[in-house]
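Worksheet for the structure shown next.
The values are calculated or read from the model by the stated rules, or taken from the named source; none is laboratory data. Everything numeric here is computed off the predicted structure, so don't read it as measured data. Here Cβ is always computed from backbone atoms with ideal geometry, including for glycine, and neighbour counts include all displayed protein chains.
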């Protein structure tokens, strides 16, 4: 049994996903692939064995050989495409964000609830990263006691030229927002963003988040950290802490120093997380039970990021009240 | 040439200092020692070769064999004793805090300024810790660029029963406040303390401090962290970061794990810093130039801690305006 | 396109391989499976989707749905089964050792050479371990200069009751022998085993190996190290060294120490290496080019291990002269 | 009370020792100093407060203000000067080696035994290095069980032009020989040196040592390791191991990597060991009990190094039989 996957978007993420399914995922194959750039669609589709390539995403969704859809097209297209998958009754794994606004996310949540079954998974791949999984297992094992603080650091080498300050939240910190909710099993109810008062240091920013169950979260987002792609996390509990270890396979001693290298961006750092996410999703296609982030999680992440953006703009804390969950 | 040191207070810190001077510091000896507990004074004085012991601190200050005074008596006595040393024209190393209130600190600053020469050093020993010294050297070397954020963690095993929430600031975070000012060469101008909204997690607290030059500071203070005494720091700069490495001499592989142990409290962790602080101070006695924290630094730390306590009480940010420095 | 894999042996390794192919390898499926224990064959075969299960390995080899064979049966059966695969013209991945003796290995090498094409891969999975791959890449990058010494440590928690001293070489050190040859691109020409002169310390033993190109190799094998399964390696070169970093995902701070845990045995440590080995082999089935250890490598590892066993018995160094390679 | 120290030799080590006593050691002062280079003697003596400087070592030994002598002159002069100190009845700390040959060491051992009291300490400073001290404490604590293997690595950046192969043993490995005897409480009874068979890799060499109590020792000596001064050690015991952690105060993240730097030579690496060695020796001057290496230890290290040199020359193992200890 092999599930036919339809991939929408053959940019960096879409092409990576297609190659991962083709090369490294059991029980699935790339059935169809679309991209608005026909040449790119043909190239990636050819490389990954897609039977059909097109410039129209809806052709992929409708293709009878497509059992499930993976959306990796530009953010602005996500909501409409996810709704189309729901209309077609096909499971869909949507790269984050689920939609560009919390409001649009809620429409998806409602549409899925109306169907009465889970079809949507949002691509918060960190939930499958072995280090975060081990962190959660350490917490759940109980010896550390209740969680109290989660410290997060999210650093990129450099920001693209079109980067705006708010994107440090919507593109970067949103991963920490999701992983914090998942780790802590708590909801974020208040957000405050602190930035330096000097123009020079508009980046990094600090986010301080409060949860309904008590644990605090702080996040440094530094999109132009230059030295490397670096994601850190420490979960502080009553009787101990658990931290992400640096992802190091070998240590070098050379030229006066012992060192290990950072990835240049998130792709090598989370390559295994992406593979495990896809493998888990494919397992879920058989069972109808998905381990990844739900549409509701996608809504929450977007809504909380929106609150952080308001705090960034105003400099004041913002209280957060999420819409009720129609599933609960 | 050996300087005669008069030590006031033979509790944990005073006794440690007396032993360090006796055993490990060149160019000085314990000349006299006082403690309100006569037996304790006699015991520590006998062990460290003090010629004179007394229950009256002023006897020590006045002793002609005492070239300089080290104050390690209870906090409430510091201000009065430092002023007595100034009145006697004797150099004095005062354990932190310099005085119980910013206002009292300012009186000392003024008294010293009136004398026209530096006699006061405040015992912020971290400035002599080799790891912090190396961190500052890394910053000053310039390759990392300007500092942007200083992350601090300060964890104790447990708080004494008489511990109040504000003491997490005045006893613990005050060390980070001083080291941040020293590292960054910037003044702290705004403070905010965030605590969990659940009673259970009154500890730890998070401090977010802003400086006049731009860098942000965040500090986790966790006085009942249970697992060990743990002080961490990472200085984030434009082109890289420098972190305190864990103070590890050996790694153990045993019983399923590789591990190293934490100190139970600050004394082993900062034993070398204390020794180097005292050795530096003794060198300063000969030259009149001291490398440690000044009376002004002692005032600033206390004043900023007071602002943090106000923020802890109110939950709101507090702007800080330090008194003008009479020396500058 | 999905290759049908026939698995011989449903013990620990065979079952693990079957599950990995079923769950985590793209482009292949478990077609048939045999074990002398019919119940075990049925259980593992059922779990992994095998169409056919049997107690006779030759039924698996002959099955027309079996495109390639994976041998994970007891060591003593390897040679005969590999020769049967060659006779059937089917690619075969044989768990180490290729055969119980160097002489038997040579018969396989000769049989494969007579066929004129590569069909045999030996399961030295460390060649696919990301850390060893990164070590080799660091060497090949050239900045470190020529290799001079390879230090290896191989520790198991405890030896099974049927363990004999020589098995520390044939079961454990043989992995280091293979990886050293692969890393260094050199042949081992002399071996010496040093053991303690006290009965108590028959374990660990030290192996010192010399190569034709100059680099030295030392290996500690400690089969009852108790604290955990631990494999270390450092490659010392002219201008620097590269070491395997401990495989750590998270660090724990708890109960007075910072720690990370060791695996209990080799399976979690090399789980990813096994998966990558199988995925690489499946790719090789399509191209006829295999990245793993060849039959010749399997012969060399066994012959060198035999020399080490002689040195263990005699206490003297043993010169090694491998048979000529019929392929070269 | 302050002991007057007479220092013989104002080269790198002598000057370092003089400065350490002057700046950082309690209870002692530099009383007199000699060097065959009068200008150097005057410079270092002036800097460190010596009352008397001379070009004649015997003037220092005879000086009535000299309570104890520290010998840091060229190796060839050690034996004669130590004997002169014994003749004068003055305690002496002699830099390693105690004498150029085992035979000459034995004459010192005999001369001291004839006096009936301990006057000689040999400058194997690693016994005072906090990491080695912690390693020994871990062993002595008992939880690890009996020691089985000690792995050592000794790497220098580069060898001076006058360096001969045997000096890798007599100048470098001799430190590991002493520390192994001290850690293990065992005597080395057999030595074998393995070197590469290619001219290119005459350096590094491997030493394999066997002890009377069973533990094995291996030592890599690499005098031109280029990347930094690096001393490693791991003590493998029945139930676990203890390793020297790299001496790291801060970690740098910069330019694509996380790193810490190595010292360029042994002086910064063992600066604290030298200070603690001197402080311990000065305490010993008061009590007559010395914690450092004895004359007997100095003899043993030299005799074992001589055996290693013979093995280096012949390529064969060398059995070692030390002279009986007159003290025991």
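Residue check: is residue B:195 in contact with a helix residue (DSSP H, G or I) (Cβ under 8 Å, 6 or more places away or on another chain) and within 29 Å of residue B:141 (Cβ to Cβ)?
So residue B:195 fails the test.
Could we say that residue B:21 is at pLDDT 95 or above, within 14 Å of chain D (Cβ to nearest Cβ), assigned to a helix (DSSP H, G or I) and in contact with a helix residue (DSSP H, G or I) (Cβ under 8 Å, 6 or more places away or on another chain) here?
yes
Determine whether residue C:301 is free of Cβ contacts under 8 Å to residues at least 60 places away in the same chain and touching a helix residue (DSSP H, G or I) at 6+ places or on another chain (Cβ under 8 Å).
no
Each row is one residue, and each column tells you yes or no for (1) buried (at least 18 other Cβ atoms within 10 Å of the Cβ); (2) farther than 21 Å from residue A:128 by Cβ.
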residue: A:209; (1), (2): yes, yes
residue: A:221; (1), (2): yes, yes
residue: A:258; (1), (2): yes, yes
residue: A:263; (1), (2): no, no
residue: A:293; (1), (2): yes, no
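So, in region C:166-193, how many residues would count as being without any contact (Cβ under 8 Å) to a residue 24 or more places away in the chain and either more than 17 Å from the chain's Cα centre (by Cα) or within 12 Å of chain D (Cβ to nearest Cβ) (or both)?
0
Quick one: is residue B:157 surrounded by fewer than 23 Cβ atoms within 10 Å (Cβ to Cβ), farther than 24 Å from residue B:101 by Cα and at pLDDT 95 or above?
yes
Which of the residues spanning region B:295-328 are surrounded by fewer than 16 Cβ atoms within 10 Å (Cβ to Cβ) and over 30 Å from residue B:196 (Cα atoms)?
Of everything in region B:295-328, those that are surrounded by fewer than 16 Cβ atoms within 10 Å (Cβ to Cβ) and over 30 Å from residue B:196 (Cα atoms) turn out to be B:323, B:324, B:325, B:326, B:327, B:328.
Could you please give the count of residues in region C:166-182 that are part of a helix (DSSP H, G or I) and touching a helix residue (DSSP H, G or I) at 6+ places or on another chain (Cβ under 7 Å)?
Adding up the residues that qualify gives 10.
I'm told residue C:217 meets every condition in (1) modelled with pLDDT under 95; (2) crowded, with 23+ Cβ neighbours inside 10 Å except one. Can you identify the failing condition by its number?
Against the list (1) modelled with pLDDT under 95; (2) crowded, with 23+ Cβ neighbours inside 10 Å, residue C:217 comes up short only on (1).
Every residue in region B:229-242 that is surrounded by fewer than 22 Cβ atoms within 10 Å (Cβ to Cβ) and closer than 22 Å to residue B:126 by Cα, please.
Across region B:229-242, the qualifying residues are B:229, B:230, B:232, B:234.
For residue B:225, work out the one condition from (1) buried (at least 20 other Cβ atoms within 10 Å of the Cβ); (2) out of contact with any helix residue (DSSP H, G or I) (no Cβ under 8 Å at 6 or more places or on another chain); (3) without any contact (Cβ under 8 Å) to a residue 24 or more places away in the chain it doesn't fulfil.
Failing condition for residue B:225: (3).
In region C:1-18, what residues are in contact with a strand residue (DSSP E or B) (Cβ under 8 Å, 6 or more places away or on another chain) and outside any loop (DSSP other than H, G, I, E, B)?
Residues satisfying the conditions are C:3, C:4, C:5, C:6, C:7, C:8, C:14, C:17, C:18.
Quick grid of which residues meet (1) more than 10 Å from every other protein chain (Cβ to nearest Cβ); (2) within 15 Å of the chain's Cα centre (by Cα); (3) buried (at least 16 other Cβ atoms within 10 Å of the Cβ):
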residue: D:109; (1), (2), (3): yes, no, yes
residue: D:127; (1), (2), (3): yes, yes, yes
residue: D:144; (1), (2), (3): no, no, yes
residue: D:151; (1), (2), (3): no, no, yes
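Take residue B:205 and decide whether it is closer than 30 Å to residue A:145 by Cα, crowded, with 17+ Cβ neighbours inside 10 Å, in contact (Cβ under 8 Å) with a residue 40 or more places away in the chain and facing another protein chain (nearest Cβ under 10 Å).
Here the answer is yes, as residue B:205 does meet what is asked.
Please give the helices (runs of 4 or more DSSP H) falling wholly within region B:222-319 in which 1 or more residues are facing chain D (nearest Cβ under 9 Å).
Passing ranges, in order: B:271-287.
Which is more than 17 Å from residue C:92 (Cβ to Cβ), within 14 Å of chain A (Cβ to nearest Cβ) and at pLDDT 95 or above, of C:45, C:49, C:4, C:11?
C:49
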